[in-house]
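In what follows, a single structure is set out as structure tokens and then discussed.
Nothing in this text is a laboratory measurement; each read-out follows from the coordinates by a stated rule. Keep in mind the model is a prediction, meaning the values are calculated, not measured. Neighbour counts run over all protein chains shown; Cβ positions are idealised from the backbone, glycine included.
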Amino acid sequence: MLKRWKGRNILSFISYSPSELVLIALIFLFAAFVKGVTGMGFSTTCLPFLVYAVGLKRGMPLILLPSLASNFFIMKDAGHFREVLVRFWPMLLATVGGVIIGLWLLNLVPVIVATTCLGGVLSAYAIFGFFTPNFRLPAKVESILAPVSGLMTGVLNGLTGSQVMPVLPYLLSLNLNRNEYLQAINCSFSLSTIVMAIGLYKIGLLEVGAASITILSLPLVYIGTKLGGRVRNMLPDSVFTSFVHVFLFVLGASLIF
């Protein structure tokens, strides 16, 4: 056993070429910056580029740890964790079941169909949200839609790797300040990512090489998130919301493409 391991290093377990590693590093840095600016979208930003770079099944495991780390950086700065947990626990709990269902559907539904549909929904909502920025849900509807939002978000996450629909429009339609919104949506992202990691491990899509790359990428994720956060703090609330909708439209178009 010792002879088998002798002379090996962490790179010997990585099944990615040098050019793929460079692309992955640049994608992570860019996605972390976007995450810092908008407070969301690390996974959804990464995936279209990673699909082109290394393929869907090799790309999905790569986003797990960097996504979780970027969530933590945002949550640490946003605060309001206890209040968000008490208010949105039904949504978060339903997300767990949704991810499990989505991973099960991953082997039944063509991913390209699901991803294209998600892109269409993202683009349509972005247009709606951009032109109706003051839309709000009544308080009595909030509690009814919370578990529905969590369940559907989990299903789409397990099926496509994207974590933003429909939790994002649900949270934006509530009377939350910017930091409460950021904390709530990143709590959802974090829980989805943890369940997704367990599910991918169970179906055999996690490997040592992917784990090694994600660990080595964490400094890039930290730098990108912090730089994006500085930009976010300079934006007024109205500009921030508009930026989120434009970003969603671009994401939706890229998923359709």
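Could you give log10 I(q)/I(0) at q = 0.07, 0.17, 0.18 Å⁻¹ for the chain, computed by the Debye formula over C-alpha point scatterers of equal weight, without solvent? Debye curve over Cα of the chain, log10 I(q)/I(0) at q = 0.07, 0.17, 0.18 Å⁻¹: -0.23, -1.36, -1.54.
Overall, the chain carries a charge dipole of about 640 debye about its Cα centre when +1 sits on the Cβ of Lys and Arg and -1 on the Cβ of Asp and Glu, all other atoms neutral. As a size descriptor, the averaged projected area of the C-alpha convex hull of the range 141-257 was calculated at 8.8 nm².
Go through the range 51-104 and name the trypsin sites (Lys or Arg not before Pro) that are in a DSSP coil and have 12 or fewer other Cβ atoms within 10 Å of their Cβ.
Values: sites: 57, 58, 76, 82, 87; in loops: none.
The qualifying sites: there are none.
Lysine pairs in the chain whose alpha-carbon atoms fall under 27 angstrom of each other, counting only those eight or more residues apart or on distinct chains, come to 5.
Normalised by residue number, the volume inside the convex hull of the Cα atoms of the range 133-205 is 82 Å³ per residue.
Let me have the 222 nm mean residue ellipticity of the chain computed from DSSP H runs of 4+ only, each contributing -39500 (n - 2.57), with the sum over all residues rounded to the nearest 500. -26500 deg cm²/dmol, from helical runs alone.
Summarised as an ellipsoid, the range 42-141 has semi-axes of 26, 20, 17 Å, derived from the eigenvalues of the Cα gyration tensor scaled by 5 and square-rooted, with the largest first.
Is the range 107-158 best put as rounded, prolate or oblate by its Cα gyration tensor, with a ≥ b ≥ c the root eigenvalues, rounded for a/c under 1.5, and otherwise prolate when a/b is larger than b/c, oblate when not? Oblate shape, in that a/c is at least 1.5 and b/c is the bigger or equal ratio. Of 190, 19, 149, the residue with the greatest mean-square motion in the GNM of the chain, using alpha carbon springs below 10 Å, is 19. What the phi angles of the range 93-98 give under the Karplus curve with 6.51, -1.76 and 1.60, with θ = phi - 60°, is a coupling list of 5, 5, 4, 4, x, x Hz, glycine and proline written as x. All other residues whose Cβ lies under 15 angstrom from that of residue 72 are scored, Lys and Arg at +1 and Asp and Glu at -1, for a net of +2.
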